[in-house]
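> After the structure tokens below, expect a handful of questions from me.
The values are calculated or read from the model by the stated rules, or taken from the named source; none is laboratory data. Since the model is a prediction, treat every value here as computed from it, not as a measurement. Glycine gets a Cβ as well: all are built from the backbone with ideal geometry, and neighbour counts include every protein chain shown.
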Amino acid sequence: MQTTFPDNIILFGDDHWFDLLPLTFTRPICELRVGILTIREKWELFLGGKGSFITQDYLAEKYPIQIEKDNILINSTFLPDKQLVNYIKQLKLNEAILLDNELVAARLSDVHFESMSDGNDALKNLKGIDLAREAGIQFSRITKPYHIFALNGQEILHDFSLVTKDRVSLPISDTNTIYGKYPVFLEEGAKMECCIINTNNGPVYIGKNALIMEGSMIRGGFAACEGAVLKMGAKIYGPTTAGPYSRLGGEINNSVFLANSNKSHDGYMGNSVIGEWCNIGADTNTSNLKNNYLPVKIWSYVLESFEDTGLQFCGLIMGDHSKTGINTMLNTGTVIGVASNIFGDGFPRTFIPSFSWGGAAGFTSHKINKALETAEIVLSRRNQELTSEDKKILEHIYLNTAVNRI
């Protein structure tokens with residue numbers, strides 16, 4: 001007899017963790033945000049459970065695993081939808097869903113899970129289905145950093161339906177001009193006055209206590225998550241996401257700010273993904289289209305060289321705690337690691353390793369004690385603390401990326 005569907009979700013994905021650097025230097029894949037929610041939050045809502053993590057050893061203290069008698073394992077490179085979730089909910093104990101022999105999801109007992117953890121090839125003993133053999137099934141995955149902005153439009157639409165289902169928006173002030181076929185939804189505490197919003201290409205979600213200042217112009221899809229701020233006169237082209245407590249201004253197109261980052265001033269940014277605790281200096285401009293219109297190449301940490309994205313538009317991928325000075329110019333397809341500081345005249349190179357300090361004139365290594373000191377100050381400004389776990393993670397990244405700074 002089938003038991004109740006488990007509510008303990010374990011998210012993994014380390015086979016692709018390196019592909020998603022530098023964004024995953026400081027987090028598991030499932031903590032990446034695309035649309036309104038993180039990948040973990042999406043799976044928790046779809047499956048009605050609580051997620052924990054299988055991740056890199058140095059991240060495991062901050063992102064621990066929870067194992068129970070009955071567990072659902074999810075490959076967090078896959079984004080949930082009704083079709084895939086229906087397959088998962090049909091799993092019996094010790095059954096799996098594969099895609100060409102890659103594990104998509106499994107329902108495992110604690111005993112079976114421990115057997116896999118001990119290095120046994122327990123997957124061979126699991127019954128299940130291979131999605132590659134199932135007619136008509138479609139799925140979306142995040143296996144490269146640029147997939148985040150490429151899939152952001154569909155995910156804003158999916159997440160909007162999830163988080164607003166059977167709920168009513170806060171009243172929207174008539175000082176705003178709103179037109180288009182998709183809805184606008186304001187959460188409790190959200191404030192928006194004297195703005196122009198076009199929802200013809202997607203919905204607009206304004207999260208709890210978010211502030212959309214006067215004169216902001218927004219083309220959906222757009223999500224301002226909890227506590228996010230749009231500065232006066234911001235020009236936002238969707239699909240764009242302002243993660244929790246991010247502060248955005250200037251001109252932004254099809255970009256995702258994971259959380260707690262600032263681009264408060266004028267300057268253009270397009271087709272980009274920005275980590276947490278980043279600061280984009282005033283009048284920083286990011287190119288997202290090459291002058292010859294050819295596909296953009298970006299740095300691959302796996303290949304240790306540049307790889308073709310196949311995209312005509314690709315801007316900046318920036319790891320956590322990195323910053324640009326005023327008037328910084330960034331070339332198409334620039335990748336910046338963790339805790340780097342970029343400033344000065346001219347275009348710096350398009351791969352900037354973690355803990356780099358400088359610009360087009362050259363780079364030196366950012367000292368780890370200075371980087372930690374800055375991070376502590378930045379977090380304290382928002383009443384947060386740089387924990388001992390956070391410091392260990394940054395120290396690990398500093399040591400293990402030294403080879404890139406040579």
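> Looking at region 13-52, which of the residues that are of a type in the set (D, E, K, R) and part of a helix (DSSP H, G or I) is farthest from the chain's Cα centre (by Cα)? Give the steps one after another, and end with the answer.
First pass over region 13-52, keeping only residues of a type in the set (D, E, K, R): 14-15, 19, 27, 31, 33, 40-42, 44, 50.
Retained after the next criterion (residues that are part of a helix (DSSP H, G or I)): 19, 31, 40-42, 44.
Numbers: Asp19: 14, Glu31: 7, Arg40: 11, Glu41: 12, Lys42: 12, Glu44: 16 Å.
It comes out as Glu44.
> Only one of Thr364, Thr374 is within 24 Å of Asn285 (Cα to Cα), among the β-branched types (Val, Ile, Thr) and touching a helix residue (DSSP H, G or I) at 6+ places or on another chain (Cβ under 9 Å); which?
Exactly one of Thr364, Thr374 is within 24 Å of Asn285 (Cα to Cα), among the β-branched types (Val, Ile, Thr) and touching a helix residue (DSSP H, G or I) at 6+ places or on another chain (Cβ under 9 Å), namely Thr364.
> Still on this structure: Looking at region 202-291, what strands (runs of 3 or more DSSP E) fall wholly within it and have at least 1 residues that are over 30 Å from Gly346 (Cα atoms) and of a type in the set (Ser, Thr, Tyr)? I'd like the intermediate steps shown before the answer.
Working: elements: 204-206, 217-219, 222-224, 235-237, 240-242, 251-253, 256-259, 268-270, 273-276.
In region 202-291, the matching strands (runs of 3 or more DSSP E) lie at 204-206.
> Using the structure shown, decide if Thr55 is out of contact with any Asp or Glu (no Cβ under 6 Å at 6 or more places or on another chain), within 28 Å of Thr241 (Cα to Cα), polar (S, T, N, Q) and part of a loop (DSSP other than H, G, I, E, B).
In short, yes.
> Return the pair list, or none, for Cβ contacts closer than 8 Å from residues in region 361-376 that are in the same structural domain as Ser388 (by TED's automatic domain parsing) and assigned to a loop (DSSP other than H, G, I, E, B) to residues that are surrounded by 12 or more Cβ atoms within 10 Å (Cβ to Cβ) and at pLDDT 95 or above, at least 6 apart or on different chains.
His366/Ala339; His366/Ser340; His366/Asn341; His366/Phe355; His366/Ser356; His366/Trp357
> A further question on this structure: For region 75-193, please list each of the helices (runs of 4 or more DSSP H) lying entirely inside it that holds at least 3 residues being within 26 Å of the chain's Cα centre (by Cα) and closer than 21 Å to Asp7 by Cβ.
82-89, 152-164
> May I pose another question? From the residues in region 113-123 that are in contact with a helix residue (DSSP H, G or I) (Cβ under 8 Å, 6 or more places away or on another chain) and surrounded by fewer than 19 Cβ atoms within 10 Å (Cβ to Cβ), which one is modelled with the highest pLDDT?
Ser115
> When you scan region 264-313, how many residues do you find that are surrounded by 16 or more Cβ atoms within 10 Å (Cβ to Cβ) and free of Cβ contacts under 8 Å to residues at least 24 places away in the same chain?
Final tally of qualifying residues: 3.
> Another one. Can you tell me how many residues in region 336-351 are within 14 Å of Pro145 (Cβ to Cβ) and either buried (at least 23 other Cβ atoms within 10 Å of the Cβ) or out of contact with any strand residue (DSSP E or B) (no Cβ under 6 Å at 6 or more places or on another chain) (or both)?
The number of residues fulfilling the criteria is 3.
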